[in-house]
């Protein structure tokens, strides 16, 4: 289960002070099927195992490495633990974890925009194959969208884009309340295969924040 918007830029080195023995951050979101929290150095091994799958990488951008090594996980961790929404101290990339044992399952985050599009964020996500088909990603996306609207009062629109062939990801977006807006025909090429890109959005007024 993946969305092509997961990665946004080459990640910087991680903070030297962050070590695996540091306390794991508390969740920002708790649902029956998952918790969402900040990344932590202890996530690296589980992240690498979940991400190192051709099926997971298939519909991601080239920035999502395949094969996915421990070094790739370390680089992403450095990005996730440093990248903040412009003008804030709020990190935008989070870990999706098992609600019982807090094990890393996948990631979710937003890409911010500038200028006349600064009120729009683009959401990206992925989750390991072992977690597919359980409703985890839909629940995570629905809850995370609410968190974004609550946390960033200026955001009026969330976008989610996915390869046309990625039916599972399109289903996640629809089930999380996102509305299909159209198709960018033959807008992406990966490993020589041409794909349409499906465009979805969720507006603030379409996302109930009181539950």
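The values are calculated or read from the model by the stated rules, or taken from the named source; none is laboratory data. All values reported here derive from a predicted model rather than from experimental measurement. Here the Cβ is made from the backbone with ideal geometry for all residues, glycine too, and neighbour counts use every protein chain on show.
Quick look at the values:
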{"item": "Single condition residue 146 does not satisfy, out of (1) farther than 26 Å from residue 54 by Cα; (2) in contact with a helix residue (DSSP H, G or I) (Cβ under 9 Å, 6 or more places away or on another chain)", "result": "(2)"}
{"item": "Condition broken by residue 60, with the remaining ones in (1) in contact with a strand residue (DSSP E or B) (Cβ under 6 Å, 6 or more places away or on another chain); (2) modelled with pLDDT of 95 or more; (3) part of a loop (DSSP other than H, G, I, E, B); (4) surrounded by fewer than 19 Cβ atoms within 10 Å (Cβ to Cβ) satisfied", "result": "(4)"}
{"item": "Residue tally, condition within 25 Å of residue 152 (Cα to Cα), assigned to a loop (DSSP other than H, G, I, E, B) and out of contact with any helix residue (DSSP H, G or I) (no Cβ under 7 Å at 6 or more places or on another chain), over region 166-207", "result": "1"}
{"item": "Flag if residue 50 is in contact with a strand residue (DSSP E or B) (Cβ under 9 Å, 6 or more places away or on another chain), surrounded by fewer than 16 Cβ atoms within 10 Å (Cβ to Cβ) and at pLDDT 95 or above", "result": "no"}
{"item": "Candidates 151, 138, 183, 112, filtered to the one that is in contact with a strand residue (DSSP E or B) (Cβ under 8 Å, 6 or more places away or on another chain) and touching a residue at least 24 places away in the same chain (Cβ under 8 Å)", "result": "112"}
{"item": "Every residue from region 154-172 that is out of contact with any strand residue (DSSP E or B) (no Cβ under 7 Å at 6 or more places or on another chain) and within 17 Å of residue 88 (Cα to Cα)", "result": "154"}
{"item": "Residue count for region 52-71, restricted to those that are in contact with a helix residue (DSSP H, G or I) (Cβ under 7 Å, 6 or more places away or on another chain) and either within 18 Å of residue 104 (Cα to Cα) or in contact (Cβ under 8 Å) with a residue 60 or more places away in the chain (or both)", "result": "9"}
{"item": "Of all residues in region 36-47 being assigned to a loop (DSSP other than H, G, I, E, B) and surrounded by 20 or more Cβ atoms within 10 Å (Cβ to Cβ), the one that is nearest to the chain's Cα centre (by Cα)", "result": "39"}
{"item": "Breaking point among (1) at pLDDT 95 or above; (2) over 14 Å from residue 60 (Cα atoms), for residue 125", "result": "(2)"}
{"item": "Some residue of region 149-161 being under 23 Å from residue 55 (Cβ atoms) and either surrounded by 20 or more Cβ atoms within 10 Å (Cβ to Cβ) or over 13 Å from the mean Cα position of the chain (by Cα) (or both)", "result": "yes"}
{"item": "Subset of region 48-57 [assigned to a loop (DSSP other than H, G, I, E, B) and over 17 Å from residue 77 (Cα atoms)]", "result": "53"}
